[in-house]
Every structure is written in C-alpha cells, then in structure tokens.
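These notes concern the structure reproduced below.
The values are calculated or read from the model by the stated rules, or taken from the named source; none is laboratory data. Because the structure is predicted, anything quoted here is derived from the model rather than measured. Reconstructed Cβ throughout: ideal geometry from the backbone, glycine too, with neighbour counts over all protein chains shown. The area values use the complete protein model at the heavy-atom level, side chains included, leaving out ligands, DNA and RNA. Shrake-Rupley method; radii C 1.70, N 1.55, O 1.52, S 1.80 Å.
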Amino acid sequence: MSGYLLPAIIAGSTIAVACGIVGWFIVLRSQVFAADALSHFAFTGAIAGLVIGISPQLGVFGCTIACGALLAAIAGRTLADDLTIGIGVTWVLGLGVLALAILSRNGNEGTGAATALFGSINTLTGVDAVIAASIAAVVIGVIAVIGRPLLYASLNPVAAHARGVPVRLLNALAFIALATVVAEATQALGALLLLALIAAPAGAAHHLAHRPAAGIGIAAGIGIASVWVGLAISYCMPTLPASSAIATVAAAAFAAAALIATLRRSPARRARRHSVITHTH
Amino acid sequence: MAGESHHTGSPSALVRVSHGTVVRGTSTIWSDLNLEVFPGEFTAILGPNGSGKSTLLQVLLGRMPLAGGSAEVIGAAPGARRADIGYLPQHRAITAAERIRAIDIVGLGLTGARWGFRIPGTGTAEARRERAQIHEALDLVGASHYAQRAFGELSGGEQQRILIAQAIVRKPAFLLLDEPLDSLDLPTQASVVALIREVCTHQQIGVLLVAHDVNPLLTALDQVLYIANGHALQGAVDQVITSSQLSALFGMPIEVLTAADGRRVVIGTPDAPHHHGHRHSDGHGHG
C-alpha cells in the first residue's frame, strides 16, 4: 500500500461514519438543504482563511460552525425555513467570491480555491487523519448521548416538548453536529462534493431499513464502503479524482437502495390491498 | 356511564380547574372555567376554532399560567407530573416518521426522553420489560399486526392508533388528545372513538379529548366541556347538550335532535373554520 493511502483511508473512513450517522438524522428531519448551505459556508471559510493568512482548515471550521450556530439560533423550536437558509447561503457565498477576488488580486488563486471546492483526500497527512478521527469520535459520542431524545424531538416535537425533552437545545445541537461534520468533510471531499457522504448513504439507509438503529448502522457502512471503493477506483485510475469517485459510488449506492425499496414495496402493497378487501367482507 | 357516580370535590380527581381564567395580552380567552376529570372518565372539550380549547390543554400541561382561579393535575401543579400524562398533539411531524417502523414510534413514548443508549446485550431485564410494555400498548390499540411496518405505509386510522399507543405506553394516569379525529373518515372516527372509550374504561385513565364536532363522540362520552364566547359549560352529556343550554352559550340557535334510538345529534354549532365572526379574541392563537 503506498504511503498516502493510509491517512486517506483513516480520515475518509472516520469522516464517512460521522457523516452517515449525522446524515441519517438530517435526512429524517428533511434538512438536506441546510447541509448543502453549510457546505457553501465551508467554501467561504476556506477562502477567507487563506485571505486572512490563517490555515484554510481553521477558516472552514470557524465559518461553518459559526453559521451553523446562527442557523440553529434562527431556527429555534421549529426548523429554519428554506427561504432564510437560501438567502443566507447566497450572501455568505457572495462573501466567499469577494474573498476569492482579493486572493487573486494578490496573485494567489488556484490551488487553495480548488482544494476548498473539490477536496484533496490523497494529500492528507497522518496528523490530518488523527484530527479527523478525533473530531468524528466526538461527534459520534455526542449523537450517541442525544440520539434517542433527538429522534423523539424529530418525530413528535410537541409531545417530546411536553414530556420535558429540550427540543430547542436538541435542534441546535443537531445543527452544530452537522456543521462539524461538514467542516471535516470539506478537507476530504471538498465543499462541492461533501453532500455525497451526508445525504447519499443516509438516504440509502432510509430506503433499506425502518429500524432507527439499523438505519444508522447502514448509513455509516455505506459511507465507509463508498470511501474505500472510491479510493480503490481512483488508485487504479489515477486520472479520476478520489472525491469524484467517492461521490459516484455513494450516488450509485443510493440509486441501488431506492430501486431495492421500490421492488420490495410493490408486492407488499399488492398483498395489503388484497387483505383490506378480504377484511371488509 | 361513569360520570354520574362521581361527586364533585372527591379527592381522587385527576384534573381540577376551578374558576380558571386565561388572559393573553389584553384579551381574556376564557374565564370562570370549571372542570373535573376522574379516573376512567371520558371528557370532550368542545367549541369553535379559536375559543381556547387547546389553550386549556396548554394550561393543564403547565405551559401556560392561569390569570385567575386554580388548576391541579394529578394532585400537583400543572407541569409537575408530566411523565404521568399521555399527550397526543394535533400537529405531528408525520413526514419525518414516514420511513420509521411503527413499533419504534410507540417505543419513543416510553424511552424517548432518556439520554444515552444501551449497549446491545446489557440491561436485558429492563429491555425485556420495556419491550413487553410496548407490545402491551400495541395490543391495547389493536395495532400488533402492523407494528413492524413503516409508519408511512399505514392508513390514517392505523397511524392514529400507533400515536395513541405512543401516548399510553407509559400507562399514564391521564390522557390528553388534541383533535385526534381530524382528517379521518367517518367509520375510522367511530372506531378510534370506540378505542379511546375502551382504553379509558379498562385502564381507568382519565381522558380529555379536544374536538370541534361532538357528533362522532356523543355515545362514548361521560361529560363535555363547551367553551364559546369566553365562557365554559361543563356537565354530563344529557345536561349540557340540550337546545337551550347550547343556544345560550353560543348566542345563536342550536338544535339538539334525539333519534329514535335515543341518540342525540347537534345541529348548528359553529364548528368549522368558516365562522370567524364569533371568535372572542380574533388573531390570538388558534385553539
């Protein structure tokens, strides 16, 4: 195994697990658009980091988590609406374009912007991999603690609130967990493609399993598989960037899961319609 | 029916509101509201949209204070015994639940407020007890045979049974149902009402159900609480549901007909959303 592949595998796998788990809740809560918005914030953060002269990674984390917290605060007890998010996204993306203009005036565009947009999983170092694994572990730990009340708050917020579940706090924590995995995934997949690891494995899991624990496990598993298969394909075909190979595998997994769900559902429907008819007689 | 046998002032009342008044901003939603609910008693809260029916539920859940009078729920201040109350809200995030197994939705009623997770294989005795309790609730609402299916694949009536199971899985002393008959067809309404009546009697749960149409409920109820024009009227069905009582409360002619088999039908209550003119406090919180 060549030297650059090991950090890529470690970072990619841990990011994929965190993205799959958080993504399962995001798909459940119909907040994929918010995840997309946060990836734009990550782009602006990376370029702003370069302009200010701090590391783009710090810029990504600072901007994404700050914007995630802001969205969480605006969202309050209900979820932030698409209009607010959409306007926020274009505004922050505008700031990113401004930062890019400043950067290119200083004769410094090119690789920084490309890395922020498309990621560079194969240039990650061992230290990057350890940081990625640590952040993923923290996010997974947080979800393990809040998962059940978060599920209750997502499916039946009014009843959960009446039972004393802190619905507002959980909504905010879900946003911040999402912002964290988005920031982490930017490094590997880039702002344009990271949604592939958040939405596709989780969406596939929702098609394949109705049991929450199973669904979360499947989402994490499909995420890891997408990273491994994607890395392997790009290793064999050096012209194919790893991030686009991973995104393609994840999308294919989602398409396959949707197909399986459709095929599984149609005989079940027929059987049920039959049983309804027999019950009425 | 159980309503007559209870004596007002008996210490076992699950809910007791006396001379309750709720004010929002400068307008009074309702005043001098009296309500008592006993174990095994089925009570409907009725009245036009915006009359403050759901406001009463908020008071009983401890989420809205009374401006006057007093309220007590299961022998304590409202909100203090929230774990002993089963609550089925009117607005539910049904779309989020689409692909989740029905039995897991019921389970959240039991364990949804608990932090952390159980490592598989540990705490098996407790897990077994919880599983048994979930299956008991499913049996009670007659939902066992479709509990393994995704919530979104179920019919409206089946979904409502699952949500009722979620509300009763903790074996609450007291059950609050906000418009549980909404958007159900008539036969399904009748079967859900029959189910609630059965749960109420057999589990000795006190049930408060908010509705805007009394007719599907009439045969099952012990008592009613009508709220209209800022006033409230509580009593047994045959005392309150008469042409003269309802016409006086609503300030408009209302007819109560008695069918050949003794059943009543109420005609003319402003129940649908198209009657905004009679609202006491327009613009302040729907229901």
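Need one value for A:198-211: mean number of C-beta atoms belonging to other chains within 10 Å of its residues' C-beta atoms.
What the average comes to for A:198-211 is 2.
Would you mind classifying the stretch A:11-135 by shape? Square roots of the alpha carbon gyration tensor eigenvalues, ordered a ≥ b ≥ c; an a/c under 1.5 is rounded, otherwise it is prolate if a/b is larger than b/c and oblate if not.
Oblate shape, in that a/c is at least 1.5 and b/c is the bigger or equal ratio.
Looking only at B:LEU246, B:LEU61, B:LEU257, which one moves most when chain B is put into a Gaussian network model with springs between Cα atoms under 10 Å?
Of B:LEU246, B:LEU61, B:LEU257, the Gaussian network model singles out B:LEU257 as fluctuating most.
What average count of beta carbons from other chains do you get within 10 Å of the Cβ of residues in A:159-169?
5
Among B:LEU181, B:ALA211, B:ALA150, whose Cα projects farthest towards the positive end of the dipole of the stretch B:15-275, with charges put on the beta-carbon of Lys, Arg (+1) and Asp, Glu (-1)?
Selected residue: B:ALA150.
Please compute, for peptide B:77-84, the average count of beta-carbon atoms on other protein chains lying within 10 Å of each residue's beta-carbon.
Whole-number average of other-chain Cβ neighbours for B:77-84 is 1.
Rounding to the nearest 20 debye, state how big the charge dipole of the protein assembly as shown is about its Cα centre with +1 on each Lys and Arg Cβ and -1 on each Asp and Glu Cβ.
1100 debye
Once phi is turned into θ = phi - 60°, what whole-Hz ³J(HN,Hα) does the Karplus curve with 6.51, -1.76 and 1.60 give for every residue of the stretch B:228-244, x standing for Gly and Pro?
7, 6, x, 10, 10, 9, 10, x, 5, 3, 6, 7, 8, 7, 10, 4, 6
What distance in nm separates the two pseudo spin-label positions at B:ASP261 and A:VAL130, each 7 Å out from Cα along the beta-carbon direction?
Going from the B:ASP261 label point to the A:VAL130 one covers 7.9 nm.
Once you charge only the Cβ atoms, +1 for Lys and Arg and -1 for Asp and Glu, what is the size of the charge dipole of the stretch B:15-275 about its Cα centre, to the nearest 20 debye?
It works out to roughly 920 debye.
Would you please state the base-10 log of I(q)/I(0) at q = 0.26, 0.30 1/Å for the stretch B:35-95, with intensities from the Debye formula using one equal scatterer on every alpha carbon?
-1.40, -1.48
Given springs between every Cα pair under 10 Å in a Gaussian network model of chain B, which of B:GLY262, B:GLY69, B:GLY79 has the largest fluctuation?
Maximum among the listed residues: B:GLY262.
Which ³J(HN,Hα) values, rounded to whole Hz and listed in residue order, are derived for the stretch A:203-215 from phi using the Karplus coefficients 6.51, -1.76 and 1.60 in 6.51 cos²θ - 1.76 cosθ + 1.60 with θ = phi - 60°, glycine and proline given as x?
Values, residue by residue: x, 4, 4, 5, 6, 8, 9, 9, 8, x, 4, 5, x Hz.
Given a 1.4 angstrom probe, I'd like the percentage of the accessible area of the protein assembly as shown that is carbon and sulfur, rounded to a whole number.
Heavy-atom surface of the protein assembly as shown belonging to carbon and sulfur, 1.4 Å probe: 63 percent.
From the backbone phi of the stretch A:18-26, what are the Karplus-calculated ³J(HN,Hα) couplings (6.51 cos²θ - 1.76 cosθ + 1.60, θ = phi - 60°) in whole Hz, Gly and Pro given as x?
3J(HN,Hα) across the stretch A:18-26, in whole Hz: 4, 5, x, 5, 5, x, 4, 6, 5.
For chain A, what is the calculated [θ] at 222 nm in deg cm²/dmol (nearest 500), taking -39500 (n - 2.57) for each run of four or more DSSP H residues and dividing by its residue count?
Taking each H run of at least 4 residues, the total per residue is -29000 deg cm²/dmol.
So if I place +1 on the C-beta of Lys and Arg and -1 on the C-beta of Asp and Glu, and nothing else carries charge, what would the dipole magnitude of the stretch A:5-280 be about its Cα centre? I want it in debye, nearest 20.
Around 1280 debye, computed over the stretch A:5-280.
Using +1 at the Cβ of each Lys and Arg and -1 at the Cβ of each Asp and Glu in the stretch A:5-280, identify which of A:ALA232, A:LEU193, A:GLY217 lies farthest towards the dipole's positive end.
Result: A:GLY217, furthest along the dipole toward the positive end.
Would you mind checking which residues have amide H under 5 Å from A:VAL165's amide H? H placed 1.01 Å from N; only 5 or more apart, or other chain.
HN-HN under 5 Å from A:VAL165: empty list.
Have a look at chain B and give its Rg and Dmax from the Cα atoms, expressed in angstrom.
Looking at chain B, its Cα Rg and Dmax stand at 19.4, 65 Å.
Rg to Rh for the protein assembly as shown: what is it, with Cα atoms only and Rh by Kirkwood?
A ratio of 1.06.
Nearest 0.05, what FRET efficiency do B:SER70 and A:LEU98 give at R0 = 51 Å with Cβ-Cβ as r?
Step by step, r from the Cβ atoms, then E = 0.25.
So what's chain A giving for Rg/Rh, alpha carbon basis, Kirkwood Rh from the mean inverse pair distance?
For chain A, the value is 1.03.
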